[in-house]
Amino acid sequence: MSQSYNRGLIEDFGRWKEFSAGMWAWIFHKFTGWMLIGYLFTHIAVLSSAVTGPEAYTNTIQGLESLFIIRVLEVGLLAVAVFHILNGLRLLMVDLGVGLDAQDKSFYASLVLTAIITIASVPTFMDGVTI
Amino acid sequence: MSTQQQKPETQESPDDSEMNGTESPQQERLEKKERSMVDERSADESDLEGDTVHIKVFRYDPEVADKQEPRFDDFHVPFKKGMTVLDAVMYARDTYDSSLTFRHSCRQAVCGSDAFFVNGKQRLGCKTQISELQQPVRIEPLPHQEVVKDLVVDMDHFYDQMHAVEPYFKDEDTPDASDLEEQRQSRENREKVKMSTRCIWCASCMSSCNIAAGDNEYLGPAAINKAYRFAMDDREGDEIKEHRLRILEQEHGVWRCQTQFSCTEVCPKDIPLTEHIQELKREAVKKNLKFW
């Protein structure tokens with residue numbers, strides 16, 4: 001009893017292959033949450049270009065929107081936001097104690113819905129940009 | 001799980017022998033069982049037919065020089081129908097290596113001492129059929145608890161958390177024995193706490209919870225479930241219920257739960273732990289909400 005062996009971090013993310021639906025939902029929710037916070041700061045940075053004047057703002061937006069990578073990131077942002085919203089609704093149901101038996105199914109449903117909405121948005125986001 | 005597998009056999013064996021004289025009933029039964037188990041079966045079916053099971057068991061002992069570095073030992077155990085993980089490790093201990101150490105007692109999922117980490121999931125050794133697992137079967141001590149030796153983990157912290165919620169019936173309001181010989185509980189109330197009374201203190205849930213792993217002060221699913229069992233019991237007075245909720249609504253109480261459902265998934269007694277924790281969260285909110 002004097003000594004004992006602690007298996008450290010390998011007990012957590014080293015086992016990602018063994019995670020269950022609820023665990024993945026939690027990880028994705030955290031991840032998308034941090035992504036959205038990160039986006040908020042860049043959003044404020046872009047918006048604050050309006051302080052210098054309308055032209056500066058228009059130039060910034062047009063410059064950014066002409067870049068292919070920004071369009072791709074916008075699709076990613078939509079995916080992240082949609083998943084966070086849908087999983088947030090799922091968590092709301094969990095908090096209210098509704099449908100706890102179907103929590104894994106609702107997670108898969110929110111993943112599928114996110115995928116559909118994201119794919120459907122691609123033509124809109126990619127409109128009029130050259131690589 | 002074992003009872004489920006036995007069922008078709010006992011029900012159908014008389015029919016089989018009477019109706020099909022030519023085909024051996026044993027064969028038929030085997031086929032039937034094979035069909036029903038096909039999806040649960042391991043990828044390596046021949047291993048089972050060839051009647052040995054390959055288990056890999058975690059070994060570690062700080063007091064023995066060549067076991068100080070943790071390793072896995074391989075055992076090939078003869079397979080018997082209905083064999084559980086616990087049976088397999090017991091066979092390995094009795095036949096191959098008497099130093100193999102693990103806790104076990106009742107072998108019928110009541111004592112809660114033989115929770116292991118089997119193929120990446122917390123399971124009760126005595127309740128897990130070997131035939132349902134993919135081989136080789138990896139048997140490790142519970143994660144997030146310190147390993148004392150081989151499959152034995154230090155349970156002190158888990159027991160501390162269990163005791164922290166005062167897991168016993170409090171009878172401050174009990175009338176005199178002369179007035180009342182028994183304390184009755186309504187059927188509805190019994191149904192409400194039924195699942196939560198089934199906890200066997202095996203610590204599977206605590207071990208699966210990665211919030212509990214990162215926050216040593218978190219009460220953990222088992223302790224909260226224990227508190228639920230008493231807080232929801234109508235026979236306890238309002239004051240005691242409030243006292244229980246005060247313990248639970250602290251920073252490291254129910255609010256640490258982030259509804260990953262890991263505990264609910266591994267619980268060998270199928271207690272809806274997350275549901276109970278969520279209900280206590282709502283109770284805690286209700287208790288503190290004031291609209292005036």
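The values are calculated or read from the model by the stated rules, or taken from the named source; none is laboratory data. Everything quoted here is computed from the prediction, not taken from an experiment. Cβ placement follows ideal geometry from the backbone for every residue including glycine, while neighbour counts extend to all protein chains displayed.
Residues checked against (1) closer than 19 Å to B:Trp255 by Cβ; (2) modelled with pLDDT of 95 or more; (3) in a loop (DSSP other than H, G, I, E, B); (4) under 26 Å from the mean Cα position of the chain (by Cα):
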site	(1), (2), (3), (4)
B:Tyr168	no, no, yes, yes
B:Pro175	no, no, yes, no
B:Asp179	no, no, yes, no
B:Glu182	no, no, yes, no
B:Asn189	no, no, no, yes
B:Ile211	yes, no, no, yes
B:Leu219	yes, no, yes, yes
B:Asp233	no, no, yes, yes
B:Ile240	no, no, no, no
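When the residues of the range A:13-30 are narrowed to those that are in contact (Cβ under 8 Å) with a residue 12 or more places away in the chain and within 16 Å of the chain's Cα centre (by Cα), which ends up nearest to B:Phe117 (Cα to Cα)? Walk me through it before giving the result.
Restricting attention to the range A:13-30, the residues satisfying the condition of being in contact (Cβ under 8 Å) with a residue 12 or more places away in the chain are A:20-22, A:24-25, A:28-29.
Narrowing the set further to residues that are within 16 Å of the chain's Cα centre (by Cα) leaves A:24-25, A:28-29.
Working: A:Trp24: 20, A:Ala25: 22, A:Phe28: 25, A:His29: 27 Å.
Checked the range A:13-30; the qualifying residue nearest to B:Phe117 (Cα to Cα) is A:Trp24.
Considering only strands (runs of 3 or more DSSP E) fully contained in the range B:75-141, which possess at least 3 residues that are in contact (Cβ under 8 Å) with a residue 60 or more places away in the chain and closer than 17 Å to B:Cys267 by Cα?
Working: elements: B:115-118, B:121-124, B:137-140.
By residue number, B:121-124.
Is it fair to say B:Arg282 is within 14 Å of chain A (Cβ to nearest Cβ) and over 19 Å from B:Cys199 (Cβ atoms)? Spelling it out, B:Arg282 is indeed within 14 Å of chain A (Cβ to nearest Cβ) and over 19 Å from B:Cys199 (Cβ atoms).
Can you tell me which residues in the range B:265-287 are assigned to a helix (DSSP H, G or I), of a type in the set (Val, Ile, Thr) and surrounded by 20 or more Cβ atoms within 10 Å (Cβ to Cβ)? Outline the logic, then answer.
Of all residues in the range B:265-287, those assigned to a helix (DSSP H, G or I) come to B:265-266, B:273-287.
From what's left, of a type in the set (Val, Ile, Thr): B:266, B:274, B:277, B:285.
Listed by number, the residues that qualify are B:Val266, B:Thr274, B:Ile277.
Of B:Asp160, B:Asp114, all but one fail to be within 16 Å of the chain's Cα centre (by Cα), acidic (Asp, Glu), closer than 25 Å to B:Met206 by Cβ and more than 14 Å from chain A (Cβ to nearest Cβ); the exception is B:Asp114.
Determine which member of the set B:Phe117, B:Phe79 is more than 24 Å from A:Phe19 (Cα to Cα) and of a type in the set (Phe, Trp, Tyr). Talk me through it step by step, then tell me what you get.
Working: B:Phe117 fails: more than 24 Å from A:Phe19 (Cα to Cα).
Unique residue meeting the criteria: B:Phe79.
Take B:Glu146 and tell me if it is within 20 Å of B:Cys209 (Cα to Cα), touching a residue at least 60 places away in the same chain (Cβ under 8 Å) and within 14 Å of another protein chain (Cβ to nearest Cβ). No, not satisfied.
Determine, yes or no, whether A:Val129 is in contact (Cβ under 8 Å) with a residue 60 or more places away in the chain and over 26 Å from B:Ile271 (Cβ atoms). Here the answer is yes, as A:Val129 does meet what is asked. For the range A:86-112, a residue qualifies if it is surrounded by 15 or more Cβ atoms within 10 Å (Cβ to Cβ), among the aliphatic types (A, V, I, L, M) and away from chain B (no Cβ under 13 Å), and the qualifying residues are A:Leu86, A:Leu111.
Test B:Arg229 against the criterion of being within 26 Å of B:Glu188 (Cα to Cα), in contact with a helix residue (DSSP H, G or I) (Cβ under 6 Å, 6 or more places away or on another chain) and away from chain A (no Cβ under 11 Å), and give yes or no. Here the answer is yes, as B:Arg229 does meet what is asked. Against the condition surrounded by 20 or more Cβ atoms within 10 Å (Cβ to Cβ) and assigned to a helix (DSSP H, G or I), how does B:Thr259 come out, does it pass? No, not satisfied.
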